[in-house]
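Read through the structure below, which is laid out as structure tokens, and then see the notes.
The values are calculated or read from the model by the stated rules, or taken from the named source; none is laboratory data. Note that this is a predicted model, so its numbers are computed, not measured. As a convention, Cβ positions derive from the backbone with ideal geometry for all residues, glycine included, and neighbour counts pool all protein chains shown. Just the protein is used for accessible areas: all its heavy atoms, side chains included, with ligands, DNA and RNA removed. Shrake-Rupley method; radii C 1.70, N 1.55, O 1.52, S 1.80 Å.
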Amino acid sequence: MVRGSAPQQKPHPTAPSPVYGTLLAQPQSVDPLLERLAAAETGAERCSLLGQLEPGEDPQIADAITGVLERTQLVSVRVCATQALGAQHSPVAHSWLVDLANDPEPDVHGAALDILAASDDAHDQAAVVEATHDDDPEVRVSAAMALLKVGRAQAFAALAAVLPSVEDRTTLGSVISALGQSNDARALPVLDSLFRNADSESHMAALAALSELELPGVEERLWQLLDLGSMQEFGVAVERLKFFAPAALALKLRALVRSGNPARSRWAFGQLLNRDIPDRAALMADTLRSGDSAMKSLVVRQLSVQPDASFESELIALAHGDDRELSTAAFYALAGLDTPGAQAEIGRLNDKPGKHGLKHRLAKNPEGSEEQVRAQFIGLLESQEADAATALPRLAADHAARAQEAACRYIETHQDANSLASFVALATSDSVQKLLEHAARFDPEQQRVVIQALAQRGEPRFSGALRAALHDQDPDTRGNALRGLIALGDEVGSAELPRWSRGSEAGDRALAAELLGTSATPDANAELQALAQDSDPLVVSNALHSLQRQTPELVERLAERAFRAAAPEDRSTLLSSLSDLGGSVTRPLGDLALSDVDDATAIQGVQSLTNLAGPESARRLLLLVNDAQRSQAVRQEAAAGLRQLGGPLARANRALLDSLSPPEDSGAISCDLGY
């Protein structure tokens, strides 16, 4: 297919298209709607008029639509025009649609491919199938999705081929969701492959999509996850099974609550609390009186969200208990009750040591007019109460003169880190400028806090302060200043990046590697490739992450080169920092790490492969478990990882795994659904 946003054999842009020539020669013979379309000036107006065009074979209408496409680069209008062309059946309209199916804009070529895929014409469908092999991965994905939307058989093979090359999480999520909504048995192997081999985020998305398929065998696989899956998998299975078999699910959850597995018991109990079961209140009361602290916390959290006076006595007992975290949670749950007993108990607890300041935090919002409420906050800020500072954010964000004056008076004498950060982030520009006029007396910590808050504020007015801070002795202050300038698009900041990328301080190089990925600095890609070969693992990691956003095809090769070149003591750190770059990068590195003679590196490799999940990870870990030449620590880590993955290999070698590492339920991802 030919790359371009319009067919190649078209009138020169300066020559009037037929419809506009007709408008000039015979204005009385032209549809008024086309006249309005020709004169429309805004994108919204053009889209509205394009949507009103009648479908048919009138070449005059097709020419009017293509005229819009020739004159605008606005994506939203080009999409509207493409969709309007889909309702026209003239040769001109069809020719444009075929070319638009290869448009550089994803929304435009997606709209064209959707129209062609839905066509009954075999040639149109063949054009979409051909687009699934396009050089542009976005076109390939859009073509496969277009086929999927209309249920074409070729969609599933196309998606299986294109998905491994999809790096964008949003696109991948959309494809996975569409596969789940297709309710087609041919989606099973595609989702299965993603479930077994994708990173943890896509793994869970694939599981959610699988659970949406109302096909034989899916329900059975979901039941397996209640016994074998991770906490996230457990939750997905419950959410779907409550529609398939609600009564059976309730019985299963009760059985799991009584099981000997503490983690799975808590998961099941939490799910029961969220269900409308007849004995829910009795179950909660029994748990508060005799359950373990983790399950009590679940009940108290539920009562904080949904207050229930019938649990007053149990909450009072817990509030007086020795478990500090549970006592505090029960206190807040009591605060949600309006009963006299609960309110009296709150008053007594407020006077106990360790509860100072709770009155202010639990008090209702101040009442009265806006000025009266402001006065109450000013009074609190100027009081000697221990929590007076809690009023500062409210007053700093209040741009009334009286509020700003009070906030400025407070910050003159209270320049602790929290107060400075709140003030600089929320106060008016003039108030912040007054603070900066006294910046010379800031100590290093105060300077660091102020510059960080200015960088996050992102106001060009303060770029001078950020530029001055580029030469501060404190590396964090310098780094925050540079970060703020890059976010503002400041020329001085952009000019600093190449110098920082070649500096002697590893921290400066690491920040440069991070910011080069978002700046418009010339030769940023070349600078990043050089930083990807740095001796410091953090610099390398930041450079590779930036390159992943710009040129992902380079990252796999550069990551392997960096890992091999890294000092033995740095390899574990480097592998850990790259764990979120996706399986195509981390799996080869994990394999390299497993063969490393350094135990720390090998153990990090085990953890990396465990996080990737999938049967390939399980096979690699089993080889390591059986390798008598490796240290006991490495074999134990591999055994623990394989147990977390679950599946047939873990079950078949359970005795060996138990001999190396005592079993415990970690809640890690399980890759076994019985496929």
Looking for whichever is open to solvent by 40 Å² or more (accessible area, probe 1.4 Å), at pLDDT below 70 and not in a helix (DSSP H, G or I) here; the options are Glu201, Glu167. Which one fits?
Glu167
Please count how many residues of the stretch 539-578 are among the hydroxyl-bearing types (Ser, Thr, Tyr), buried (at least 21 other Cβ atoms within 10 Å of the Cβ) and within 23 Å of Ala512 (Cβ to Cβ).
2
Pairs with Cβ under 6 Å, 6+ apart, first in the stretch 325-347 and in contact (Cβ under 8 Å) with a residue 12 or more places away in the chain, second open to solvent by 40 Å² or more (accessible area, probe 1.4 Å) and outside any helix (DSSP H, G or I)
Gly336/Pro307; Leu337/Pro307
Tell me which residues, restricted to the stretch 207-248, are over 20 Å from Leu194 (Cβ atoms) and either of a type in the set (Ser, Thr, Tyr) or open to solvent by less than 50 Å² (accessible area, probe 1.4 Å) (or both).
Leu226, Val238, Leu241, Ala245, Ala248
Would you please list the contacts, defined by Cβ atoms under 6 Å and residues six or more apart or on different chains, that run from a residue in the stretch 550-568 that is outside any helix (DSSP H, G or I) to a residue that is surrounded by 13 or more Cβ atoms within 10 Å (Cβ to Cβ) and at pLDDT below 85?
Ala566/Leu574
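Rundown of residues vs (1) buried (at least 16 other Cβ atoms within 10 Å of the Cβ); (2) more than 25 Å from Val162 (Cα to Cα), yes/no style:
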| residue | (1), (2) |
| --- | --- |
| Asp580 | no, no |
| Arg587 | yes, no |
| Ala602 | yes, yes |
| Leu609 | yes, no |
| Pro615 | yes, no |
| Arg630 | yes, yes |
| Val634 | yes, yes |
Mind telling me which of the residues Gly489, Gly484, Gly458 ends up being touching a Gly at 6+ places or on another chain (Cβ under 8 Å), on the phi > 0 side of the Ramachandran plot and either open to solvent by 10 Å² or more (accessible area, probe 1.4 Å) or of a type outside the set (D, E, K, R) (or both)?
Gly458
Looking for something modelled with pLDDT of 80 or more, buried (at least 21 other Cβ atoms within 10 Å of the Cβ), out of contact with any Pro (no Cβ under 7 Å at 6 or more places or on another chain) and over 30 Å from Asp134 (Cα atoms) - is there at least one such residue anywhere in the stretch 15-32?
no
Residue list for the stretch 565-606, filter: at pLDDT 85 or above and at positive phi:
none
The stretch 127-146 - residue that is open to solvent by less than 10 Å² (accessible area, probe 1.4 Å) and over 29 Å from the mean Cα position of the chain (by Cα) and, of those, nearest to Glu553 (Cα to Cα)
Ala131
Restricting the stretch 98-114 to residues that are at pLDDT 90 or above and touching an Asp or Glu at 6+ places or on another chain (Cβ under 8 Å), which is surrounded by the most Cβ atoms within 10 Å (Cβ to Cβ)?
Ala112
Going through the stretch 426-470 in order, the residues found to be among the polar types (S, T, N, Q) and within 31 Å of the chain's Cα centre (by Cα) are Gln452, Gln456, Ser463
Can you tell me which of (1) open to solvent by less than 30 Å² (accessible area, probe 1.4 Å); (2) without any contact (Cβ under 8 Å) to a residue 24 or more places away in the chain is the one Ala513 doesn't meet?
(2)
I'd like to check something: does the stretch 220-233 contain any residue that is under 17 Å from Ser177 (Cα atoms), at pLDDT 80 or above, within 30 Å of the chain's Cα centre (by Cα) and in a helix (DSSP H, G or I)?
yes
Total residues in the stretch 315-340, condition in a helix (DSSP H, G or I) and open to solvent by 30 Å² or more (accessible area, probe 1.4 Å):
9
Among the small types (Gly, Ala, Ser), open to solvent by less than 30 Å² (accessible area, probe 1.4 Å) and touching a Phe, Trp or Tyr at 6+ places or on another chain (Cβ under 6 Å) - does that describe any residue in the stretch 520-538?
no
